[in-house]
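*Asks:* Quick one: the structure is below, and I'll ask about it shortly.
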Amino acid sequence: MVDTTSCQSQPVHGRLAPSLQDLKEINSRLIAHEARSGTASVRCFPSTILLSPSQKCNFRCRTCMQSHDQAELSPQTLKKVEALMPFASILDFVGGEPLLLDSFREVIQWGKKYACDMETVTNGVLLDDFWRERFVESLSSVRISVDGATPKTYQYVRRHSGLFKVLKNIGELALLKIRRGSATPSIEINFVAMRANIRELPKLVAMAGELGVDVVKVIYMLAHTEELAMQSLYFMQEESDACMRLALEVGKRVGVGVKIPGLFADAQAVQETKRRNMCSGPWHFLGIEADGSTKICCGGAPYFGNLNTQTFQDIWTGAALRQLRHTINTPAEPEYCKNCAHGGDNLRRVGKHILNPDIANAAAAVFGVKSATPGKAGGMQGSEPLKAV
């Protein structure tokens, strides 16, 4: 067996065994080839692994749909994940809150050990000296959730009073990078945009510039309750666009990259079908949940197995995934692919912003919109952007 724990080529039976970089490059090329050709019975391994070993969290954010179950992925299943790391280029460790998890203390070392880009997302409250050192040593990027530029708004969205502590921790992390002469981790703020906080987005970008943040990424809130439906920017389109344009301008001035999810004014009419780019998820992506369930995307596909009870090969080369690879990117692909939450979506489609049609209709009535009933493309009746209210 080739020892893949070393980044240096080692002699094996008189020949040089491939280094980790070689393995990843070969795997990347194989993924590209098999995805382009629609190969169903694959030889490639996932190059992007999304590991969510627990939903344990110290926050109860208003927008969160997680159960906050305290269970963690078993050490035995974690070893199955580790066996895939020599082929992986990206490992994204998410929660829950990773800094609460025992498994994160082990997994954070995998980035260096297996020469892959290690990423995580955190609320930042527990980002103390210990974790800041680990982040600079081991991570390529970190996403820190900050959904407001004022304590009042932050408290409303995240149900926590720790805004100033989080901002201090972000600044200390940026300062440690300077002291260590390190370009990593890239520091990114995640901002879930809604009516309650969108006017604070430009201010948050300006603050990010002062703190040494590299990127502010904006994500449209997905409402799953009646209260959150009333917060949806779907009913505030013009002002939402204006705030995002201003945030982009502020970002240019303070040297912070601002990633927005698109402007309503630039979106297609809901009757127009947006063609999704070719999807390579079933070839390059593997997500693992706390209960061992595995998935090949975050866009709405079902789970395809469970690492607690199956081997990776049983799942990755099983009949269900072979069938998906055979049909995806063709007219015969499953409905969940046609309605992908990422590739084929449209900002003017109400389902992009509010999950339940009845809740969407109730909110539409409050805002004086005629109907939020999904049409052929799943959008509001009519194709013009809604006016700000």
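The values are calculated or read from the model by the stated rules, or taken from the named source; none is laboratory data. Just so we're clear, the structure is a prediction, and the values are computed from it rather than from any experiment. Quick reminder, even Gly has a Cβ in these numbers, built from the backbone with ideal geometry, and neighbours come from all protein chains shown. All accessible areas refer to the heavy atoms of the entire protein, side chains included, with ligands and DNA or RNA removed. Shrake-Rupley method; radii C 1.70, N 1.55, O 1.52, S 1.80 Å.
*Asks:* Using a 1.4 Å probe, what is the accessible area per residue for the chain, in Å²?
*Replies:* Roughly 47 Å² per residue, with all protein chains present.
*Asks:* Between their Cα atoms, which of Lys152/Lys338; Lys177/Lys295; Lys112/Lys165; Lys24/Lys165 are more than 31 Å away from each other?
*Replies:* Pairs exceeding 31 Å: Lys152/Lys338; Lys177/Lys295; Lys24/Lys165.
*Asks:* About the Cα centre of the chain, what is the dipole size in debye to 20, counting +1 per Lys and Arg Cβ and -1 per Asp and Glu Cβ, all else neutral?
*Replies:* Dipole of the chain, to the nearest 20 debye: 540 debye.
*Asks:* Moving on. Can you spot the aspartates and glutamates whose alpha carbon is less than 13 Å from Lys79's alpha carbon? Ignore those fewer than 8 places along the same chain.
*Replies:* Straight-line reach from Lys79, under 13 Å: Glu106.
*Asks:* While we're on this one: In terms of Cα to Cα distance under 12 Å, which aspartates and glutamates are near enough to Lys168, apart from those fewer than 8 places away along the same chain?
*Replies:* List returned: Asp128, Asp129, Glu210.
*Asks:* Name the aspartates and glutamates eligible as straight-distance cross-link partners of Lys370: C-alpha to C-alpha under 13 Å, and not fewer than 8 places from it in the same chain.
*Replies:* Glu384
*Asks:* Taking amide hydrogens as modeled 1.01 Å from N in the peptide plane, which residues meet the under 5 Å criterion relative to Ile354, leaving out close sequence neighbours?
*Replies:* Excluding prolines and chain starts, which carry no amide H, the hits are Ala223.
*Asks:* What is the percent carbon and sulfur in the accessible area of the chain, measuring with a 1.4 Å probe over the protein chains and ignoring ligands?
*Replies:* Roughly 53 percent of what the probe reaches on the chain is carbon or sulfur.
*Asks:* Something else: Quick one: helix 237-254 against the long Cα principal axis of the chain, what's the angle to the nearest 10°, folded into 0 to 90?
*Replies:* Once rounded, the angle reads 50 degrees.
*Asks:* Another question, if that's okay. How much mean residue ellipticity at 222 nm does the chain get from its helices, if each DSSP H run of length 4 or more adds -39500 (n - 2.57) and you divide by all residues, to the nearest 500 deg cm²/dmol?
*Replies:* For the chain, the value works out to -10000 deg cm²/dmol.
*Asks:* Mind putting a number on the dipole of segment 116-166 about its Cα centre? Charges go on the C-beta only, +1 for Lys and Arg and -1 for Asp and Glu, and I need it in Debye to the nearest 20.
*Replies:* Taking the Cα centre of segment 116-166 as origin, the dipole is about 400 debye.
*Asks:* Could you rank the peptides 288-297, 36-45, 23-32 by their average count of other C-beta atoms within 10 Å per residue, with the highest value first?
*Replies:* Highest to lowest by the protection proxy: 288-297, 23-32, 36-45.
*Asks:* Mind ordering 191-204, 76-89 by average Cβ neighbours within 10 Å, highest first?
*Replies:* The most tightly packed comes first, giving 191-204, 76-89.
*Asks:* Out of Cys298, Leu246, Leu176, whose Cα points farthest toward the positive end of the dipole of segment 168-316 (charges: +1 Lys, Arg; -1 Asp, Glu; placed on Cβ)?
*Replies:* The one lying farthest along the dipole's positive direction is Leu176.
*Asks:* Could you calculate the contour length gain from Leu222 to Cys298, that is, 0.36 nm times the residue separation minus the distance between their Cα atoms, to one decimal place in nm?
*Replies:* 26.0 nm
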